[in-house]
Amino acid sequence: MARPDKASAVEELKDGFTSSAAVVLTEYRGLTVKALLQLRRALGADATYAVAKNTLTAIAAKEAGIEGLDAQLTGPTALTFIQGDVAGVAKGLRDFAKANPLLVIKGGVMDGRVLDADAVKKLADLESREVLLAKLAGAMKGSLSQAVGLFAAPLSQAARALAALESKKQAGEDPATDAAPAAEATDAADAASN
């Protein structure tokens, strides 16, 4: 390969490292072209799967500011550049590796930190971004409902006390003779105004 071709390949890999949310390194030795095509389809639009030379990958990683990747760059290496949901793509890789034991997850890079194979598998155990956002929205909705209940409690107490006074007045009883409900109504009204 000519020198300009190597330089452009390094530049592409460097761009992949810097623009991706995460990069997962795999060993694909023994997989057929058909299996690699299935893997690319399984990863979907959130990821790009590319085979790269280890020396060029090491140079690109260093230029991108990533240190400590050299231990994972042994044997044939393919890189999965993840632009979207990291957990979803990690699940796809993990599931494909279970079905095709020739695919070995070596490790990866996320937020400039080098990850080992176990850390990548833990990423695969995370729920997808959509599920996490739905759980967060549910928790926020529950908290808001609880807050509304707390704010509405003094007002509803005052309304019940005033309704009791009104029903006594309509029944012909003198509300002044029973001082306790009047005091409660006054306290509830004071609390509601505060």
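The values are calculated or read from the model by the stated rules, or taken from the named source; none is laboratory data. Everything quoted here is computed from the prediction, not taken from an experiment. Cβ coordinates were reconstructed from backbone atoms using ideal geometry, including for glycine residues, and neighbour counts include every protein chain displayed.
When you go through Leu25, Leu37, Leu56, Leu31 one by one, which is the residue that is assigned to a helix (DSSP H, G or I) and surrounded by 13 or more Cβ atoms within 10 Å (Cβ to Cβ)?
It is Leu56.
Summed over the stretch 59-90, the residues that are more than 18 Å from Asp118 (Cα to Cα), crowded, with 16+ Cβ neighbours inside 10 Å and more than 20 Å from the chain's Cα centre (by Cα) give a count of 5.
Checking Leu165 against (1) more than 16 Å from Leu25 (Cβ to Cβ); (2) part of a strand (DSSP E or B), which single condition isn't satisfied? Unmet condition: (2). Among the residues in the stretch 97-112, are any at pLDDT below 85, out of contact with any strand residue (DSSP E or B) (no Cβ under 7 Å at 6 or more places or on another chain), surrounded by 11 or more Cβ atoms within 10 Å (Cβ to Cβ) and closer than 30 Å to Gly68 by Cβ? Yes, the stretch 97-112 contains a residue that is at pLDDT below 85, out of contact with any strand residue (DSSP E or B) (no Cβ under 7 Å at 6 or more places or on another chain), surrounded by 11 or more Cβ atoms within 10 Å (Cβ to Cβ) and closer than 30 Å to Gly68 by Cβ. The residues of the stretch 1-22 that are within 28 Å of the chain's Cα centre (by Cα), assigned to a helix (DSSP H, G or I) and of a type in the set (Gly, Ala, Ser), listed by number, are Gly16, Ser19. One residue alone among Phe96, Phe81 is among the aromatic types (Phe, Trp, Tyr) and part of a strand (DSSP E or B), and that residue is Phe81.
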